[in-house]
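The values are calculated or read from the model by the stated rules, or taken from the named source; none is laboratory data. Note that the structure is predicted; figures quoted are calculated from it, not measured. Glycine gets a Cβ as well: all are built from the backbone with ideal geometry, and neighbour counts include every protein chain shown. Side chains are part of the model used for accessible areas, which takes the heavy atoms of the whole protein and leaves out ligands, DNA and RNA. Shrake-Rupley method; radii C 1.70, N 1.55, O 1.52, S 1.80 Å.
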Amino acid sequence: MLCSPKMPTMIENQRPHVAGTEANAEVARYVLSTLSSYDIRSHIRSYGVSLTYPVSRSLALTHPPSGTTTKFELQQETYEGDPYIDVADEVLPTFYAYARSGTVVGPVVYVNYGRVEDFMILKTRGVNVSGTVVLARMGQIYRGDIVANAYQAGAIGAVLFTDKKDYGGGGDGKGFPHDKWMPPSGVQVGTLYKGCGDPTTPGWPSTGGCERISDDEVDKGGDIPLIPSLPVSAADGEAIIKSIGGEMADNDWQGCKDGPVYNIGPGPGILNLSYTGKQGINTIENVIGIIEGEEEPDRFVILGNHRDAWTFGAADPNSGTAALLEVADRLSKLQKKGWKPRRTIIFCNWDAEEYGLIGSTEWVEENREMLTSRVVAYLNVDVAVSGAGFQAAATPQLDQLLMQATKQVRDPENSSQSIFDSWVGTSDHPKIGRLGGAGSDYAPFLQHVGIPAADMSFGEGYPVYHSMYDDFIWMRDFGDPMFRRHVAVASIWGLVALSLADEEFLPFNYLSYAFELQKNADELTNELIDKNIDVTPLFKSIEDLKIAATKIDNEIKALERSKGWASMWGTKPRQVRELNDRLMMAERAFMDRDGLLGRQWYKHLIYAPSEHDDYGSVSFPGITDAIEKAKQENTIESWSSVQHEVWRVSRAVIHVSLVLNGVLT
């Protein structure tokens, strides 16, 4: 068992460290020096990327017919005993990265969570959103999609708030520091950018003197909303709610039981929203550490976590950075005892993830060809700990490996059982998510270049996310009081990495992938009933994949049986290497060079974000996008596009089978 009895390496950032700032550069130097102190060869790779910061913002609410005006302070309040009060003024004013600068004035309309279906409900109720400033609550879809949906509906501005129903304990919580919930003045900030990487260098790295597209071209790309927007607190959101008249919202649109009635408007309250941001080319720094493999140094296992935070970032991302350094420390100690990995292990501490996965994406775009030919897998930990309960998402061939690792680590909540025992609970199989969303740094590895990936954490969401209350005190009191969860996630991460780096045969199970695709195809079939779409090619390709996966598993068993007393690598190096290459490269075959229609950066035909929710994971994204469009247009051409996307996925699955078989046709 890798699990260490000591506390993990802890990082208590006493200053906010936003990407592109000197404070974040200081943390980069700390990570670099720590890795170097472990005798891990390390360096910094810098990029010049387009980042935005707030210059000024204001929000005022006018109450007709009296004409009285409420001007919101837009300020997160410090708390009694706050140890960071002396640096509270270093927290950036609440804003959205890449928000549109401008001033808009209009009646307010309440749009629930700002989903496409929410705007459709308003339309059926006769509410015209055009020319209004919408008020939406966060918590169901990506904030950038909320603003984009508002723009598509004709709104001129958007205000987003953290409803007490979702972030305040349903109204029963007092708010941090009294409990884990977001206090009334808390604001969830973040980025609105729907793409990955520097918006001015789409598809290529932001290295010195590189080509950049213009601001107009960025706007036309559709990844940055075109109306001004601001995040506000629950208290400010509630004040705006009270100014809205019109029809009463449905029950599922309402807030806390002790809160005001939520009406939909428009008006009579009028919002005056003003925002000015500054944009420039700023330096970001990825920290890279390398433990070179002894027998296969040209095969890489990559562990990644981002470093930048919107504020103090105790959970997001410091808990993950602490876990990364803990794994590095443990492997360093193994090296001192004579261990050397078979394959190369690379530690990556990314910058500017919060702005749009920028540091990881620029690195992937710069090293694309080498990564596609050499990387075995990418293992991501973003928020390592935000509460109890192990969570994992992965490409399906890694499912068995994750389960095996969790069986070797004690449950931090109950040492009499393993994490696997608590994870599986009363079910037959633990819940393993998929990596279709673009929520963290696995996206460029999996969705752009087709590298198998996993993401793991303890806890599932937390109320003070992206607010100034995500600090060490919150983590100590509520996130992980004994810091045992930090130890556990580092242990699982390290065990998975060791298996991938050291096992003779890569521990990939493509039968798991085939069964997952079968389940997805069954769900797709139910959605396409009576649509005259032939899904037979897809099912046929999945059956072929099952055969290919079984065949390569039998080849592994045959080689293991022939091992005898001698070292397998010593006697059959070519066969082992060739078989592992097939396992490694099979994921790449799910890619399509043309990418998704209208979203060409995303090349993976099995996993990508939902078109209307960047955080949402979608299986068969090209098919799903085509179905949504066909439902709206309901033309022969649009349904023909659905059929074409079914064929595209079928061909990709066939290519995976061919790679696993390893024989030319």
Inset, instruction - Relative to the compact-globule scaling 2.2 N^0.38 Å, provide the ratio for the alpha-carbon radius of gyration of the range 297-384. - result: 1.17
Legend entry - Sorted largest first, extent of the range 345-415 alpha carbons per principal axis (Å): 44, 28, 20
Inset, instruction - Would you please classify the overall shape of the range 489-601 from the alpha carbon gyration tensor, given that a ≥ b ≥ c denote the square roots of the eigenvalues, rounded means a/c under 1.5, and beyond that prolate means a/b larger than b/c while oblate covers the rest? - result: prolate
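Using only the Cα atoms of the range 98-140, build the gyration tensor, take square roots of its eigenvalues as a ≥ b ≥ c, and label the shape rounded, prolate or oblate: rounded if a/c is under 1.5, else prolate if a/b is larger than b/c, else oblate. Display every interim value, and only then the final one.
Details: a/c = 2.38, a/b = 1.30, b/c = 1.82.
In terms of gyration-tensor shape, oblate.
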Legend entry - Percent of beta bridges antiparallel (DSSP, the chain, rounded to nearest 5): 60
Inset, instruction - May I ask for log10 I(q)/I(0) of the range 328-481 at q = 0.09, 0.14, 0.18 Å⁻¹, from a Debye sum over the Cα atoms as equal point scatterers with solvent left out? - result: -0.35, -0.87, -1.32
Legend entry - In sequence order, calculated HN-Hα J values of the range 130-146 (Karplus, 6.51, -1.76, 1.60; Hz; x Gly/Pro): 4, x, 9, 9, 7, 10, 10, 9, 8, x, 10, 9, 4, 4, x, 6, 4
Legend entry - Integer Hz, Karplus 6.51/-1.76/1.60 couplings in order for the range 488-496, x for Gly and Pro: 5, 5, 5, 5, 5, 4, x, 5, 4
Legend entry - Estimated distance in nm for a label pair at residue 644 and residue 407, the labels positioned 7 Å out from Cα along Cα-to-Cβ: 4.7
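Per residue, how many Å² of accessible area does the chain show with a 1.4 Å probe?
On the way: 25850 Å² over 665 residues.
About 39 Å² of surface per residue is accessible.
May I ask you to derive the relative contact order of the chain, considering only C-alpha pairs under 8 Å and at least 6 residues apart, and to give it as an integer percent? Don't skip to the answer; put the middle values down first.
Numbers: 1459 pairs, mean separation 109.0, N = 665.
That works out to 16 percent.
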Inset, instruction - May I ask you to derive the FRET efficiency for residue 219 and residue 635 from their Cβ-Cβ distance with R0 = 35 Å, giving the value to the nearest 0.05? - result: 0.75
Inset, instruction - Report residue 181's accessible area, 1.4 Å probe, all protein chains in place, as a number in Å² to the nearest 10. - result: 70
Legend entry - Cα centroid separation - the range 70-103 against the range 501-566, whole Å: 50
Legend entry - MRE, 222 nm, helices only [DSSP H, n ≥ 4, -39500 (n - 2.57), over the chain, to nearest 500]: -10500 deg cm²/dmol
Legend entry - Value of Rg to Rh for the range 1-148 (Rh from inverse mean 1/r over Cα pairs, i.e. Kirkwood): 1.09
Legend entry - Charge dipole of the chain about the Cα centre (unit charges at C-beta), most positive-ward option of 62, 244, 113: 113
Legend entry - Cα-only Debye scattering, the range 231-328: base-10 log of I(q)/I(0) at q = 0.24 Å⁻¹: -1.24
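Shape of the range 99-237 from its Cα gyration tensor (a ≥ b ≥ c, root eigenvalues): rounded if a/c is under 1.5, otherwise prolate when a/b > b/c, or oblate?
Numbers: a/c = 2.41, a/b = 1.38, b/c = 1.75.
Taking the square roots of the gyration eigenvalues as a ≥ b ≥ c, the range 99-237 is oblate.
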Inset, instruction - Treating cross-link reach as a plain straight distance, find the aspartates and glutamates whose alpha-carbon is under 18 Å from the alpha-carbon of residue 531, omitting any fewer than eight places away in the same chain. - result: 522, 523, 625, 628, 633, 637, 645
Legend entry - Rounded percent of accessible protein surface that carbon and sulfur make up, the chain, 1.4 Å probe: 51
Inset, instruction - Mind ranking 311-319, 494-502 by how tightly packed they are, going by the mean number of other C-beta atoms within 10 angstrom, highest first? - result: 311-319, 494-502
